[in-house]
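So the structure is just underneath, and the comments pick up after that.
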Amino acid sequence: MTRLHQILAVEKDIRRTAKTRETQAHRDLQTPQLMIGITRSYRPINDEDDTLPDESTLVQVRSWDLIRDVQADIERMFDLVATKDFANTEAKADIVVDNQVLVTGVPATYLLWLEKELTDLHTFITKLPVLDPSQVWEYDAQRSVYATQPVETHRTTKIPTVLLKAEATDKHPAQTEVYNRDVTVGFWSTTRLSGALPSDVVRSLED
């Protein structure tokens, strides 16, 4: 059986770990580019034309990873503080939501502490980024991110072209002008990646 002095010995470290994780998660959410990625591959029109290497930017942070990590540390902290407060107080009350009793005999000190922690947790959830609604996203299990369908765009290069302005005559040479003409030489296939969540998922977490 865990004794109160044992709880007090580890409480500071567990609280610090949970808060550090939550603070880092907040910072990651304020850097949205960490959740954005892209892959591009090139296909030349003619086999003899130049080939270009694939390009990619990896998704560094995923919302669901942040939620999982924060949840694990928060749950541990909640359990520890609850164990301490339940063993160290007399003033208690029930937690009731929509006329349903969720927990009975909760210490008043724990209720006050829990109110602040839940407010912080709700703030974290409301800052979770959502997927761009202008795109169609599907979850890519292989890459563990959401991805769009590939979009193909053309790549052009400038080809010097001679424009004949006047034919040559027995008295004058031909009049020409050289200009650069844009010619399609290949195609880029681009897929957008994201570590954000669908908006309905975020709304369900807020509720």
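Taking H placed 1.01 Å from N in the peptide plane, check which residues at least 5 places from LEU131 or on another chain put their amide H under 5 Å from its amide H. Close amide H contacts, sequence-distant or interchain: LEU197, SER199. What fraction of the DSSP beta bridges in the chain is antiparallel, stated in percent and rounded to the nearest 5? The antiparallel proportion sits near 95 percent. In this label model, ILE14 and LYS158 are separated by 6.8 nm, measuring between points 7 Å along each Cα→Cβ vector. Taken as Cα centroids, segment 141-170 and segment 68-85 sit 57 Å apart, rounded to the nearest whole angstrom.
Here the peptides 147-158, 41-52 are ranked by packing, the mean other Cβ count within 10 Å, and the order with the highest first is 147-158, 41-52. Dividing the Cα radius of gyration of the chain by its Kirkwood radius returns 1.35 for Rg/Rh. Given +1 at the Cβ of Lys and Arg, -1 at the Cβ of Asp and Glu and no other charges, the dipole of the chain around its Cα centre is 540 debye to the nearest 20. Amide H contacts under 5 Å for VAL106: ALA93, ASP94, ILE95, restricted to partners 5 or more places along the chain or on a different chain, H placed in the peptide plane at 1.01 Å from N.
Any idea what the relative contact order of the chain is, in percent, if you count C-alpha pairs under 8 Å spaced at least 6 apart? All intermediate terms of the calculation are to be shown ahead of the outcome.
On the way: 293 pairs, mean separation 54.1, N = 207.
26 percent.
Working note: Debye formula, equal point scatterers on the alpha-carbon atoms of segment 10-87, no solvent; log10 I(q)/I(0) at q = 0.13, 0.20 Å⁻¹ is -0.58, -0.88.
Per residue, the chain exposes an accessible area of 68 Å² to a 1.4 Å probe, with every protein chain left in place. Counting only DSSP H runs of at least 4 residues, each contributing -39500 (n - 2.57), and dividing by the residue count of the chain, the helix-based mean residue ellipticity at 222 nm comes to -13000 deg cm²/dmol. Considering only ILE36, GLY105, LEU66, the residue lying farthest towards the positive end of the dipole of the chain is GLY105, judged by Cα position with unit charges set on Cβ.
Straight-line cross-link partners of LYS116 among the lysines, defined as a Cα under 16 Å from its Cα and at least 8 positions apart when in the same chain: LYS19.
Over segment 98-207, the fraction of Cα-Cα pairs per 10 Å bin, rounded to whole percents and listed from the shortest bin up, is 10, 19, 16, 14, 12, 9, 8, 5, 3, 2, 1, 0.
With a Förster radius of 41 Å, plug the Cβ-Cβ distance of ASP140 and LYS116 into 1/(1 + (r/R0)^6) and report the FRET value to the nearest 0.05. The computed FRET efficiency comes out at 0.60.
In the chain, what percent of the accessible surface is made up of carbon and sulfur (1.4 Å probe, ligands and nucleic acids excluded)? Heavy-atom surface of the chain belonging to carbon and sulfur, 1.4 Å probe: 51 percent.
The values are calculated or read from the model by the stated rules, or taken from the named source; none is laboratory data. Because the structure is a prediction, the values reported are computed rather than measured. Every residue, glycine among them, receives a Cβ derived from its backbone with ideal geometry; neighbour counts consider all protein chains shown. For accessibility, only protein heavy atoms count, side chains too; no ligands or nucleic acids. Shrake-Rupley method; radii C 1.70, N 1.55, O 1.52, S 1.80 Å.
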